[in-house]
Amino acid sequence: MVKDRIQERSIKIGDHDIYLAQESELPEKSAFVGRENELMMCRIAWGLDENYRFRNKKDLNNLSFRLYGEPGMGKNELVYELVRQIRKNNGELKELPFYSMVGHDEMAPEDMVLAVVPTESSGHSQVRMVLRASPLATAILNGGIFFFDELNRLPERALAPLAPALDGRGMLFSASSGIWLEPAGNALPFRFCCALNPSVGSDLPGYIDQRTLPKIEVKYPGHIGLLELLRSQLTADLSAENEYENSCEEVKKQRIAELSQHLEIMLEMLKNRGDTPSVRQGLIIIRLARALFREKKGGLDFSNCLKKAFGACVF
Ligand SMILES: Nc1ncnc2c1ncn2[C@@H]1O[C@H](COP(=O)(O)OP(=O)(O)OP(=O)(O)O)[C@@H](O)[C@H]1O
Ligand SMILES: [Mg+2]
């Protein structure tokens, strides 16, 4: 559940009541590790200093960067980490809202800006029509961080409203309602980023391509880099296990040593096979292998469990 942030549910523009979108959930607990270069590029694009503090909150010339890379390499995780760091390091913005949308082929321009939706007015059970702002429009109006996932899946006509939002004007036009939306006087900083997966969807049209720069690739982090990410996630898995938490220091040490051993075997296997799985695939494979190993209570050695897991997961 999104934390109970104090958020207006609707605002008035002219004669119109506009209902605002809900914030997106952000996994609060994280085992994020590595990706220093990618984080640095994102931070610089958004005008953040090395402590993730805004250099200029009103800066409209910050860059709306684009993450690209194969599925499961950690694009979303990178955005979540940025949001966590910004909230943690900008005291007065510790509740800076986070909004996101996921592109798909059926999306229309109204889904990007304002949609007319029916609502039941209390008391009379009458249906009346209201305007509902998209998460993007809500982020423009009130400020916040906005993440557009799978941007290249949108049909071109739905991309058009993005142009004035991303070129310094920071505005959105709703063609169906004839309303311009712009940041409120007391709006929080607005930052935009997007992600796309090059193997699906189409190329972005030139005017959107140029407004979503720089491109930041999130690629295979190398065997050692991958192992570091897996170690972090698996250590978090262990800490969440009741059995581990309730055991004595000696047993805890043994479990950590066993984890290191399993990671070593994984590293050898990656080198021998020449595979470059995504972070998600790597996690699935090693979690499966460790579960198989546990099930067999040592009857099957870990290398065999890992081979089985590789075999069952694509490779
Ligand atoms: N730097 C990291 N540290 C720890 N875990 C990570 C890191 N990067 C990715 N992961 C883990 O890898 C998995 C996949 O990451 P994520 O969902 O961010 O990938 P993605 O590139 O957005 O994938 P898709 O293109 O399929 O949406 C998640 O379980 C995530 O927690
Ligand atoms: Mg993703």
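Tabulated values for the structure
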item	result
Sorted by Cβ neighbour density within 10 Å, fewest at the top, the residues Tyr220, Tyr80	Tyr220, Tyr80
Proximal aspartates and glutamates relative to Lys252, as straight alpha-carbon distance under 12 Å, when same-chain residues fewer than 8 apart are discounted	Glu241, Glu243
Share of pairwise Cα separations in region 222-312, more than 17 Å, in percent	47
GNM result for the chain, Cα springs below 10 Å: residue of Lys215, Lys296, Lys58 fluctuating most strongly	Lys296
Computed over the chain: relative contact order in percent, which uses C-alpha pairs under 8 Å that are six or more apart	20
Qualifying lysines (Cα of each under 18 Å from Cα of Lys271; at least 8 residues distant if same chain)	Lys219, Lys307, Lys308
Sequence of Thr119, Thr235 once ranked by neighbouring C-beta atoms within 10 Å, starting from the fewest	Thr119, Thr235
Computed [θ] at 222 nm, helices only, for the chain once each DSSP H run of length n ≥ 4 contributes -39500 (n - 2.57)	-11500 deg cm²/dmol
Spatial separation of Cα centroids for region 210-239 and region 43-121, in angstrom	19
Mean projection area, nm², convex hull over Cα of the chain	20.4
log₁₀ of I(q)/I(0) at q = 0.13, 0.18 Å⁻¹ - region 1-158, Debye sum with one point per alpha carbon	-0.72, -1.25
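Read the figures in this text as sums done on the coordinates, not as results from a lab. Computed from a predicted structure; not experimentally measured. Note: ideal-geometry Cβ built from the backbone for every residue, glycine included; neighbour counts use all protein chains shown.
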